[in-house]
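K.L.:
Sharing a structure, written as structure tokens. Questions coming.
What follows is calculated from the coordinates using simple rules that are stated; it is not laboratory data. Bear in mind the structure is a predicted one, so any value in this text is a computation, not a measurement. Positions of Cβ are generated from backbone atoms using ideal geometry, with glycine treated the same way; all protein chains shown enter the neighbour counts.
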Amino acid sequence: MTSEQTGTAPVPPRGSHWPAAFASLAVGTAFFALWFWLLPPWLGFHVDTARWRWIATVPSILGFAVALRCIWDFGWTGHGTPAPMAPPKRLVVVRFYRYVRNPMYLGFFIGWIGLWVVFGQANLVAFAVAFAAILGVALFVLLYEEPTLRKMFGADYEEYCRNVHRWLPRMRPWEAARRL
């Protein structure tokens, strides 16, 4: 198993990366746009003129950039999308996935926290909604995503889990052992 190609599916022919990569980006973009559309005004999102709040755009942009890169990797390397209906056919263990198992979620969380600082106002309802969303994602990962990946990718995924943490990034990228 190399860090670029792991899993059980055969290596696809050259040039076949593009359709899956674009499909993955389309799904990721739709998901991202849906969240902006669903943001209710009662969460307190509005533009504030306080200059210091705009500093939070930096981690927000970086967080969303990480998430979008991960979405691209799902299509390019995994030949699938982040959507459970069209999952990757190959285990994605490249770039940010070599540091942490869930970089897409972490990128989105950092991006949304940055947006919350820029546009939001802290209130009890917003904190409750954010906590519920984080808890929901954590439960989804534990109860659906990880068992599904174990079934799909078996020993490769088990080895990956032993070496890369779910939420805390490693200091150095994990290098998968090469198999013949």
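K.L.:
Under the rule a/c < 1.5 gives rounded, and otherwise a/b versus b/c splits prolate from oblate, where does the range 51-98 land using the Cα gyration tensor?
P.N.:
Since a/c reaches 1.5 and a/b is larger than b/c, the shape of the range 51-98 is classed as prolate.
K.L.:
Does the range 81-180 come out rounded, prolate or oblate, given a ≥ b ≥ c as the square roots of the eigenvalues of its C-alpha gyration tensor, rounded meaning a/c under 1.5 and, failing that, prolate meaning a/b above b/c?
P.N.:
prolate
K.L.:
Which length gain, in nm to one decimal place, applies between Arg150 and Trp54 when the Cα-Cα distance is subtracted from 0.36 nm times their residue separation?
P.N.:
Extra length available between Arg150 and Trp54 comes to 30.4 nm.
K.L.:
Just to be sure I understand the model, the point goes 7 Å from the Cα along the line to the Cβ. What's the resulting Ala65 to Met85 distance in nm?
P.N.:
Using points 7 Å along Cα→Cβ, the separation is 3.2 nm.
K.L.:
If each of Ala128 and Asn163 carries a label point 7 Å out from its Cα toward its Cβ, how far apart are those two points in nm?
P.N.:
The answer from the label model is 4.5 nm.
K.L.:
Provide the per-residue ³J(HN,Hα) series for the range 58-74, in order, calculated from phi with Karplus coefficients 6.51, -1.76, 1.60 and θ = phi - 60°, each as a whole number of Hz, with x at glycine and proline positions.
P.N.:
5, x, 5, 5, 5, x, 5, 5, 4, 4, 5, 5, 5, 5, 4, 4, 4
K.L.:
HN-Hα J couplings of the range 22-29 from phi, Karplus 6.51/-1.76/1.60, θ = phi - 60°, integer Hz, Gly and Pro as x?
P.N.:
Ordered by residue, 3J(HN,Hα) equals 5, 4, 5, 5, 5, 5, x, 5 Hz.
K.L.:
So what J values fall out for the range 81-91 if you push phi through Karplus, 6.51 cos²θ - 1.76 cosθ + 1.60 with θ = phi - 60°, rounded to Hz, Gly and Pro as x?
P.N.:
Values per residue, Gly and Pro as x: 10, x, 6, x, 6, 9, x, x, 8, 10, 5 Hz.
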